[in-house]
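> Have a look at the structure that comes next, please.
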Amino acid sequence: MVQHTSAHPRVVAVMPARNSAATLESTFRKIPPGSVHEIVLVDNASRDATVSIAERLGITVVRHPVDRGFGGSIKTCFRTAVAAGADYVVEIHPDDQYPADEIPALVEAIRSTGDTIVIGSRFLPPRRALEYGMPWWKFVANRILTFLNCAMMGIRLSEFHSGFRVYDGAWVRGLPLDAFSDDFKLGFELVGQAVEDGLAIGETPSYCRYFPEMSSNPLKGSIVYGWGTLTESFRVMLVRFGLRAPRRPAAGQAH
């Protein structure tokens, strides 16, 4: 990866949002002052006061007038962040589930390791997810998926599916975003791309709170997402064994 020589790399936090008025401000208030240089919120056709609240808080807002899906929102988040000169891009959802106050620790982890992605894991230790209210069916499904994902992609992580992450901006800048999904699968495809590129992925202990106002992928969406992670893992496995062409040429690995 690119070595960031600046003592003060530019950190941009991105928020993919849809109808997040009830939790946006509480999420924003938990971001430690001075820990990020800019916050970008991509509003995915919200029908509530998400945009007006974000503007009042001084957040940079990009609006999608029609629903482009979660993946579509992340793509816009990334494009806006790199255009703003981000050295690191922090993904934090505005639903107040993930610990925004841990952003400095997440950024320090990627700075100290040189990893491409660092994931705030809900499963370090494994039962921590249950302690914070994760439903049993999600816990079991996540454990099974993670085992299969690890086996096929040849890496070992405690989880792949957390929405609290930090990415190296130089890597994000070169991503073939148009080749990725516009739905929730994109989050996993980013991990698959880093594995395919032969780059390191790290993780730090974190958590996710579960409460009535939280945003959540419904059961049908979770099934579709789970199947999508398996197909992506299988694709990466074929690339690893030389049985399928990579998503982008090897030159994309030069960081």
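The values are calculated or read from the model by the stated rules, or taken from the named source; none is laboratory data. Owing to the predicted nature of the structure, the values given are computational and were not obtained by experimental measurement. Here the Cβ is made from the backbone with ideal geometry for all residues, glycine too, and neighbour counts use every protein chain on show.
> Counting just the residues of the stretch 72-86 that are of a type in the set (Gly, Ala, Ser), farther than 17 Å from Ser46 by Cβ and part of a helix (DSSP H, G or I), which one comes out farthest from the chain's Cα centre (by Cα)?
So the first thing to find is which residues in the stretch 72-86 are of a type in the set (Gly, Ala, Ser), and the list is 72-73, 81, 83-86.
Add one more test, that the residue is farther than 17 Å from Ser46 by Cβ, and what stays is 81, 83-86.
Remaining after also requiring part of a helix (DSSP H, G or I): 81, 83.
Numbers: Ala81: 13, Ala83: 18 Å.
Selected residue: Ala83.
> With respect to Gly114, is the statement that it is on the phi > 0 side of the Ramachandran plot and at pLDDT 95 or above true? Break it down into steps so the answer makes sense when it comes.
Values: on the phi > 0 side of the Ramachandran plot: yes; at pLDDT 95 or above: yes.
Criteria met by Gly114.
> Here is a check on your reading of the model: is Val14 closer than 25 Å to Glu189 by Cβ, at pLDDT below 95 and among the aliphatic types (A, V, I, L, M)? If you could, list the steps in order and put the result at the bottom.
Working: closer than 25 Å to Glu189 by Cβ: yes; at pLDDT below 95: no; among the aliphatic types (A, V, I, L, M): yes.
Answer is no for this residue.
> Please specify each residue of the stretch 5-55 satisfying the condition of being part of a helix (DSSP H, G or I) and of a type in the set (Asp, Glu). Let's see the steps before the verdict.
So in the stretch 5-55, the residues part of a helix (DSSP H, G or I) come out as 24-29, 50-55.
Correct list: Glu25, Glu55.
Results for (1) surrounded by 21 or more Cβ atoms within 10 Å (Cβ to Cβ); (2) farther than 21 Å from Cys208 by Cα; (3) of a type in the set (D, E, K, R); (4) touching a residue at least 60 places away in the same chain (Cβ under 8 Å), shown as yes or no for each residue.
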position: Ala21; (1), (2), (3), (4): no, no, no, no
position: His37; (1), (2), (3), (4): no, yes, no, no
position: Asn44; (1), (2), (3), (4): yes, yes, no, no
position: Arg47; (1), (2), (3), (4): no, yes, yes, no
position: Phe78; (1), (2), (3), (4): yes, yes, no, yes
position: Ala83; (1), (2), (3), (4): no, yes, no, no
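> Can you spot a residue in the stretch 145-152 that is without any contact (Cβ under 8 Å) to a residue 12 or more places away in the chain, more than 17 Å from the chain's Cα centre (by Cα) and over 22 Å from Val224 (Cβ atoms)?
no
> Follow-up. State all residues of the stretch 108-143 that are within 20 Å of the chain's Cα centre (by Cα), assigned to a helix (DSSP H, G or I) and either exposed (fewer than 13 other Cβ atoms within 10 Å of the Cβ) or not small (Gly, Ala, Ser) (or both); if no residue qualifies, say none.
Selection gives Glu108, Ile110, Arg111, Ser112, Thr113, Arg128, Lys138, Phe139, Asn142, Arg143.
> Here's a check for you: in the stretch 176-192, which residue that is over 13 Å from the mean Cα position of the chain (by Cα) and in a helix (DSSP H, G or I) is surrounded by the most Cβ atoms within 10 Å (Cβ to Cβ)? So that I can check it myself, show each step before the final result.
Taking the stretch 176-192 first, the residues over 13 Å from the mean Cα position of the chain (by Cα) are 176-182.
Subset that is in a helix (DSSP H, G or I): 177-179.
Numbers: Leu177: 16, Asp178: 6, Ala179: 10.
Only one residue fits best here, namely Leu177.
> While we're looking at this one, here's another question. Determine which member of the set Glu102, Glu159 is part of a helix (DSSP H, G or I) and either touching a strand residue (DSSP E or B) at 6+ places or on another chain (Cβ under 8 Å) or at positive phi (or both). First the steps, then the outcome.
Details: Glu159 fails: part of a helix (DSSP H, G or I).
One residue alone meets the criteria, Glu102.
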